[in-house]
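No value in this document is a laboratory result; all are computed from the given coordinates. Here the structure is a predicted model, which is why all the values come from computation and not from measurement. Note that we place each Cβ from the backbone using ideal geometry, even for glycine, and neighbour counts take in every protein chain shown.
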Amino acid sequence: MTSKPVTPLLDQINSSDDVKKIKPEQLQQLADEVRADMIDVVSQTGGHLGAGLGVVELTVALHYVFNMPRDKLIWDVGHQCYPHKILTGRRERMRTIRQGGGLAGFTKRKESEYDPFGAGHSSTSISAGLGMAISRDLRGSDENIISVIGDGAMSAGMAYEAMNNAGALKSRLIVILNDNDMSIAPPVGAMSAYLARLLSSRSFLKLRDFAKNIVKRFPRTISEKAKRAEEYARGMATGGTLFEELGFYYVGPVDGHNMEHLLPVLENVRDAGQGPVLIHVVTQKGKGYRHAEEAKDKYHGVSKFNVVTGAQRKSTPKAPSYTGVFAKALIAEAKQDEKIIAITAAMPSGTGLDKFAEEFPDRCFDVGIAEQHAVTFAAGLAAEGFKPFVTIYSTFLQRAYDQVVHDVAVQNLPVRFAIDRAGLVGADGPTHAGSFDITYLTSLPNFVVMAAADEGELMDMVATSAAINDRPSAVRYPRGEGVGIDLSDKGKILEIGKGRIIQKGAHIAILSLGTRLQEALAAAETLKAHGLTTTVADARFAKPLDVDMIRDLALNHEVLVTIEEGSIGGFGSHVLDYLSNEGLLESGLKVRTLKLPDIFQDQNNPDVMYQDAGLCASDITEVALKALRRNDTSSSSIG
């Protein structure tokens, strides 16, 4: 006797309303289909895999129980939002994810009404959810607000600031703690499932409220003791004492892959209608795909891969990555100086500090998703004579700017900042672009700010930063491969505030900061065909400026073009400020500043993004020719 074929469900799903039409006993089948679809998509596109696989059942259950988009579902960071996108009318476009003109890799407000809040940086969901909950209360409406946050994101202080505020305001807010590391939860089984259902049930809540009203009639000492006894009894049974102390009603732990456990708890909390509630859901990162389950760190973000073998398709690098070169340079310095300390904020492999930690396990600190703490922690180390390197992506350093100003710059402490992913980063889009660090660091007194033009310069700048003991310093470098030059075993110390002339010419000067230097040299070759000789200079330092070199370029050329991989207000602005104050613009010198456009650029291939930004050799050539009124091109002017 043959079994009846199973009718696919996912093809019927185009919205959250469609999920509600599925029978409860079919929801696991739907989850299995979503998981298979997601694995197939990411194998072809690359992207974030493990986190999304871990929340498939939770995502299906949320869309089944709640009334999205009227109810607001906020995903923290957004690494886990792929199943959500599949269920909300974006399945057909999933193969465009993280590509130019395609879907964003994170939730994005302008992409769908099902994305009420954009993500990219972690630990924001509870704050945003509380803002929406208070807005609902002020309007007098009754929609649910659900914030889903991972246990890693709960290492950030912002999450606890939001919970503390929510507990005090007592507005109705549902927070789901997605614990995929088993870092908080005891083993999840039948007893914990029973307790979660009991504690979230309306009957228990009514009984609890009745008991509280009775206890209020007792003398104060007895009332307080009864309250504490109830909270700690529940805390001993469930592990939720911390969240109760913050003012949340704790429910859990709940098996995040068991629909029979998830659905009644979510329905109970939905119908309870009281203040802030935290549901502790335990999931497995990479659930349902063996290769992701066995190597969670490697399957957080992946390139295209073979579904059967799990092997990721990686191109053979032509040159070492800047991140790898930084790690090599820092290890070389640390071998000669035992005071060098490395600090990362939950990105050891992304910043190369995993290699440093292998060499110096006692001198490498991963502080979790806590960038503010990382900077002030480093300031404390520097105050005691150590040499901390805060190794962090440019986009994440933005989160600690007050600490950079107040705890480092004002006190003139020699904290070293190694700023990875400077400039445009491609598939992760505007939330991860390193666009602003030149601008926000060069505005600070005391800072030394360097930008590496190639991997050899990066090694030299790490050595230079290690040698600066009287003020803070920073070196920025991009994502991806270097240019392929031979590297020494250790960098050499550069003279502070001094650039270098790469080639000399008579008509045009191109002053480059960072890795656009290769484009500047290519532009010089093109200009030679127009009968124009070009001086190409590598600034090396955005602060302090090499004013002697800039003065020489200004006095001996008709046109000066600056170029940088940063926003308005950065290197070019400082050069213009110097030229203006020195009266060097009054002689007829034509100055043009090439920089990132004053927009947030959507995700794309980095090369395409830099073309769109107008920071390629052809753009430099066009700008120089137009400044000389010798335009032989038909494209529009930039700068």
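Return Ser112, Ser171 ranked ascending by Cβ neighbour count within 10 Å, so the fewest neighbours appear first.
By the 10 Å Cβ count, ascending: Ser112, Ser171.
How do 489-495, 83-89 rank on mean C-beta neighbours within 10 Å, highest first?
Numbers: 489-495: 14.4, 83-89: 24.6.
Result, highest mean first: 83-89, 489-495.
Please work out the ratio of the alpha-carbon Rg of segment 1-144 to 2.2 N^0.38 Å and round it to two decimals. Could the numbers behind the result be given before it?
Values: Rg = 15.8 Å, N = 144, 2.2 N^0.38 = 14.5 Å.
Here the answer is 1.09, to two decimals.
Tell me, what is a quarter of the convex hull surface for the C-alpha atoms of segment 289-435, in nm² with one decimal?
Mean orientational projected area (segment 289-435, Cα hull): 10.1 nm².
Show me 470-477, 524-531, 448-455 ranked by packing, highest mean number of other Cβ atoms within 10 Å first.
Highest mean packing first, the order is 448-455, 470-477, 524-531.
Taking R0 as 25 Å, what FRET efficiency do you get between Glu481 and Gln611 from their Cβ-Cβ distance, rounded to the nearest 0.05? If you can, show how the numbers build up before the last one.
On the way: r = 18 Å, r/R0 = 0.73.
Once rounded, the FRET efficiency stands at 0.85.
Take the cross-link list Lys108/Lys285; Lys314/Lys504; Lys387/Lys490; Lys170/Lys287; Lys304/Lys387; Lys85/Lys318 and give me the ones stretching past 28 Å between alpha-carbons.
Lys314/Lys504; Lys170/Lys287; Lys304/Lys387; Lys85/Lys318
Pairs of Cα atoms under 8 Å, at least six residues apart: use those to get the relative contact order of the chain, whole percent.
This gives 11 percent for the chain.
Quick one: angle between helix 322-336 and the longest Cα principal axis of the chain, in degrees between 0 and 90, rounded to 10, please.
Between helix and principal axis, roughly 80 degrees.
For the ranges 348-354, 386-392, 603-609, what's the packing order if you count other beta-carbon atoms within 10 Å of each residue, average per peptide, and put the highest first? Walk me through the numbers on the way to the answer.
Details: 348-354: 21.3, 386-392: 25.6, 603-609: 17.6.
Ranked from most to least packed, the peptides come out as 386-392, 348-354, 603-609.
Specify, per residue and in Å³, the volume enclosed by the convex hull of the alpha carbon atoms belonging to segment 303-381.
124 Å³
Please give the charge dipole size of segment 251-331, origin at the Cα centre, charges +1 on K and R Cβ atoms and -1 on D and E Cβ atoms. Round to the nearest 20 debye.
820 debye
222 nm [θ] for the chain, helices only, -39500 (n - 2.57) per DSSP H run of 4+, per residue, to 500?
Computed ellipticity for the chain at 222 nm equals -11500 deg cm²/dmol.
Relative contact order for segment 497-639 using alpha-carbon pairs under 8 Å, separation at least 6, rounded to a whole percent?
26 percent
Want the number for Leu169 to Ala295: 0.36 nm per residue separation, take away the alpha-carbon distance, what's left?
Gain on stretching Leu169 to Ala295: 41.2 nm.
Take Thr309, Thr323 and order them by how many other Cβ atoms sit within 10 Å, fewest up front.
The most exposed by this proxy come first: Thr309, Thr323.
Rounded to two decimals, what is Rg over Rh for the chain when you use alpha-carbon atoms and the Kirkwood radius?
A ratio of 1.03.
Hey, could you get me the Stokes-Einstein D for segment 510-622, Kirkwood radius over alpha-carbon pairs, 4 °C and 1.567 mPa s, rounded to whole µm² s⁻¹?
89 µm²/s
Counting other beta carbons within 10 Å of each residue's own, what order do Glu245, Glu457 fall into, fewest first?
Least to most surrounded, the residues fall as Glu245, Glu457.
Enter the angle in degrees (range 0 to 90, nearest 10) between the Cα long axis of helix 371-383 and the first principal axis of the Cα atoms of the chain, meaning the one along which they spread out most.
The helix 371-383 is inclined about 60 degrees to the chain.
Can you give me the three principal axis dimensions of segment 487-556 from its C-alpha atoms, in Å, biggest first?
40, 29, 15
Given H placed on each backbone N at 1.01 Å, which residues far from Tyr250 in sequence or on other chains put an amide H within less than 5 Å of it?
Leu278
Taking only Cα atoms, what is the 0 to 90° angle, nearest 10, from helix 259-272's long axis to the longest principal axis of the chain?
Between helix and principal axis, roughly 90 degrees.
Under 1.5 on a/c is rounded, so check that first for segment 409-502, then, if it is not, pick prolate when a/b is larger than b/c and oblate when it is not; a ≥ b ≥ c are the square roots of the alpha carbon gyration tensor eigenvalues.
Oblate.
Based on the Cβ-Cβ distance of Ser587 and Glu92, what FRET efficiency does E = 1/(1 + (r/R0)^6) give at R0 = 51 Å, to the nearest 0.05? Before the final figure, lay out each step's value.
Values: r = 60 Å, r/R0 = 1.18.
The value I calculate is 0.25.
For the pair Val547 and Ser15, how long in nm is the line joining their label points, each one 7 Å along Cα→Cβ?
Output for this residue pair reads 6.5 nm.
Only bridges with both residues in the chain count here: give the DSSP antiparallel percent, nearest 5. Before the final figure, lay out the partial values.
Numbers: 10 of 66 bridges.
Once the DSSP bridges in the chain are tallied, antiparallel ones form about 15 percent.
What do you get for trypsin sites (Lys or Arg not before Pro) in segment 297-357 restricted to DSSP loop and a cutoff of at most 12 other Cβ within 10 Å of the site's Cβ?
Details: sites: Lys298, Lys304, Arg313, Lys314, Lys318, Lys328, Lys335, Lys339, Lys355; in loops: Lys298, Lys304, Arg313, Lys314, Lys318, Lys339.
Passing sites in segment 297-357 are Arg313, Lys314, Lys318.
Below 8 Å, C-alpha to C-alpha, sequence gap of six or more: please give me the relative contact order for segment 331-416 in percent.
32 percent
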